[in-house]
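Note sheet for the following structure.
The values are calculated or read from the model by the stated rules, or taken from the named source; none is laboratory data. Quick caveat: nothing in here was measured; it's all calculated off a predicted structure. In this analysis, Cβ positions are derived from the backbone assuming ideal geometry, glycine residues included, and neighbour counts consider all displayed protein chains. Surface accessibility is based on the protein's heavy atoms, side chains included, excluding ligands, DNA and RNA. Shrake-Rupley method; radii C 1.70, N 1.55, O 1.52, S 1.80 Å.
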Amino acid sequence: MNIPICYIFGAGEFVPCDITLTESDLVIAADGGYDHLLQIGLRADVVIGDFDSVTSSEIWEDTICEKLTYPPEKDDTDMMLAIKLGLSRGFGQFNIYGGLGGRLDHTVANIQALSFLAEHSAQGILHHPDYELTVIKNSSFTVAKNKTGYISVFSLSDTSENVTIKGLEYELEGATLTNSFPLGVSNAATGKKGIISVERGTLLITWNP
């Protein structure tokens, strides 16, 4: 059974991708992410934001997608507006493209957005051509056995307690990680399924796609 996925496209660095949608999936363009969707030939169900970064005039001729306009002066980024919309429509799995690269402050904001999803018992993955990110809170993450390259684990909370890493090159059992020492950097896949879990705390996990 396929889990419905909310795909969000931001205005950050373009990420070439080949996505096969199901009828249950939702595609949201966060402002300039609409331009990225045009490049890969994918439809948008919703376009949301203050429309300060989208450049294509086709958006105003698009009579199919829903357009939700917000003022530039707001507390939420366009990406956060898209994430909150996806959550409000019942989605628990988010694949986010165009949320990395470009402005560093936007990259950090989007990593915090992953934490927001984890706080709401949802999982988000930020996709980049060279790496991918996710955040977990008081839960676990499975590393597929076909993964290669580096896998790093960082504590976003002050402390992350009872952290266990199995199936990777360097294993941990019941460790405590902090947000002031990068103990979990540059681990590596081994060709086996890996499990990363934390009992109390929030972890940022990065890997090669």
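Laid out as a table, the results:
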{"quantity": "Environment charge of T55, counting only residues whose C-beta is closer than 11 Å and scoring Lys/Arg +1, Asp/Glu -1", "calculated": "-4"}
{"quantity": "Solvent-free Debye scattering, log10 I(q)/I(0), computed from the Cα coordinates of the range 56-209 at q = 0.14 Å⁻¹", "calculated": "-0.73"}
{"quantity": "Accessible area of the range 12-65 belonging to carbon and sulfur atoms, whole % at 1.4 Å probe", "calculated": "46"}
{"quantity": "Net lengthening on full extension, S139/R103 (0.36 nm per residue, minus Cα-Cα)", "calculated": "9.9 nm"}
{"quantity": "Percent carbon-and-sulfur accessible area, the range 81-198, ignoring ligands, DNA and RNA, probe 1.4 Å", "calculated": "51"}
{"quantity": "Packing-based order for 150-158, 172-180, 85-93, 40-48, using average beta carbon neighbours within 10 Å, highest first", "calculated": "150-158, 40-48, 85-93, 172-180"}
{"quantity": "Extreme residue, positive dipole direction of the chain, given options I40, G99, T20 (C-beta unit charges)", "calculated": "T20"}
{"quantity": "Beta bridge orientation in the chain: antiparallel %, DSSP, nearest 5", "calculated": "60"}
{"quantity": "Neighbour net charge for G32 - beta-carbon separation under 10 angstrom, K R +1, D E -1", "calculated": "-4"}
{"quantity": "Among 186-193, 20-27, the order from most to least packed when residues are scored by Cβ within 10 Å on average", "calculated": "186-193, 20-27"}
{"quantity": "Label zone at T164 (point 7 Å along Cα-to-Cβ), backbone N below 16 Å, the range 188-209", "calculated": "193-201"}
{"quantity": "Cβ-derived FRET efficiency at R0 45 Å, A175 paired with S53, nearest 0.05", "calculated": "0.60"}
{"quantity": "Rough spin-label spacing in nm, given labels placed 7 Å along Cα→Cβ, for I64 and V185", "calculated": "4.5"}
{"quantity": "Accessible area of the chain divided out per residue, in Å², using a probe of 1.4 angstrom", "calculated": "51"}
{"quantity": "Whole-Å distance, taken between Cα centres, linking the range 61-116 and the range 1-41", "calculated": "12"}
{"quantity": "Cross-link partners of K74 among lysines (Cα-Cα below 17 Å; sequence separation of 8 or more within a chain)", "calculated": "K84"}
{"quantity": "Choice from N138, N146, N95 showing the highest fluctuation, given a GNM over the chain with Cα pairs closer than 10 Å", "calculated": "N146"}
